[in-house]
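The values are calculated or read from the model by the stated rules, or taken from the named source; none is laboratory data. Please read these numbers as outputs of a predicted model, since none were measured by experiment. Cβ sites come from the backbone with ideal geometry, for glycine too, and all protein chains shown count toward neighbours. The area values use the complete protein model at the heavy-atom level, side chains included, leaving out ligands, DNA and RNA. Shrake-Rupley method; radii C 1.70, N 1.55, O 1.52, S 1.80 Å.
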Amino acid sequence: MTTAEITVDFAPELRLFVAAAQRAGRSAVRIDDSSTLGHIVESLGVPLTEVGALLVDGHPVDPAHLPADGEAVSVRAVVRPQHIAEPVRFLLDIHLGTLARRLRLLGIDAAYEKPDIGDAALATRSALEHRILLSRDRGLLRRREIFAGAYIYSHRPAEQLDDVLSRFAPPLAPWTRCTACNGQLRVTDKQTLRGQLPDDTEGTYEAFAQCVDCGRTYWKGAHHASLDAIVTHAVRNFGT
């Protein structure tokens, strides 16, 4: 049996993922001859999607590094905003439907599958469409085929939205995307929609938009004030 050890220290932001023994600071971890540093970090509970840098004795290494006895490892958190080389597009798992709708409200491309298509299909779609997979499932984020991923730390939709906007800084274009299907909205008028609207709506409102994909129609109805509050908060705090 090997007795080789390294010491590992996790950034404070990452300590919620690890066991109590690793939360207080630098701790000893046994290693073998074949496990990469990336594998070791994940085996301790931290998804690599949440790791910004790996330092060995103060020098940066990649996750494929094979640790040696006595090395001191520091695991840093992702630096915000996180750079993504391609246009920011998201894919959300089945548990993040409210977050998906709020991202779409801000004009952000946010794909969401309901009913659940399963982890393997989600990972494949992330890879094929170059979408950042958002999830609270660490196992899903460990799938090697995903294009990119991010762990959603909170259960609360408002905090989830702030977290994603802070991390990826996507361009905001409120009121331009269908919250139901993620399609683009186009401005339309009552004449075009005649016969498609409830009588009280047609007589009360003047401004309308319609999804080019699913045909859903939008107007400033009873819920507009609460939606506008979400938009105002996002633009004020994360708009560019």
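Listed values, structure above:
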| item | result |
| --- | --- |
| Whole-percent pair-distance distribution, where bins are 10 Å wide, for the alpha carbons of region 59-108 | 16, 31, 25, 21, 8, 0 |
| Fraction in percent of alpha-carbon pairs per bin - 10 Å, region 27-147 | 12, 37, 30, 16, 5, 0 |
| Stretch gain in nm, segment A68-A180, where the contour uses 0.36 nm per residue and the Cα spacing is subtracted | 35.2 nm |
| Solvent-accessible surface (1.4 angstrom probe) belonging to D137, in square angstrom, nearest 10 | 60 |
| Region 149-240: relative contact order as a whole-number percent, Cα under 8 Å and 6+ apart | 27 |
| 0 to 90° range, to nearest 10: angle between helix 119-129 axis and the chain longest Cα axis | 70 |
| Relative counts (whole %) of C-alpha pair distances in the chain, using bins that are 5 Å wide | 1, 6, 12, 15, 15, 13, 11, 9, 6, 4, 3, 2, 2, 1, 1, 0 |
| For the chain: relative contact order, % (alpha-carbon pairs under 8 angstrom, 6 or more apart) | 15 |
| Probe 1.4 Å, all protein chains present, accessible-area order of I152, I94, I146, largest first | I94, I146, I152 |
| Relative contact order (%) - criterion: Cα under 8 Å, at least six apart; region: region 125-183 | 24 |
| Spacing of the two label points (7 Å from each Cα toward its C-beta) at V235 and A207, in nm | 1.0 |
| Cβ-derived FRET efficiency at R0 51 Å, R194 paired with R138, nearest 0.05 | 0.50 |
| Surface per residue (accessible, 1.4 Å probe) for the chain, Å² | 53 |
| Between helix 224-238 and the chain: long-axis angle, C-alpha atoms, 0 to 90°, nearest 10 | 40 |
| DSSP-assigned coil residues among GluC sites (Glu not before Pro) in region 106-167, each with at most 13 further Cβ atoms within 10 Å | E145 |
| Kirkwood hydrodynamic radius of region 7-94, from inverse mean 1/r over distinct Cα pairs, in Å | 13.9 |
| With all protein chains modelled, accessible area of K220 [1.4 Å, Å²] | 130 |
| Sparse-neighbour loop sites [trypsin sites (Lys or Arg not before Pro); region 90-171; at most 12 other C-beta within 10 Å; DSSP] | R144 |
| Solvent-accessible area, 1.4 Å probe, carbon plus sulfur percent, for the chain | 52 |
| Dipole magnitude (debye, nearest 20) for the chain, charges at Cβ of Lys, Arg, Asp, Glu | 600 |
| Fully extended contour minus Cα-Cα distance, from D162 to D33, at 0.36 nm per residue | 42.3 nm |
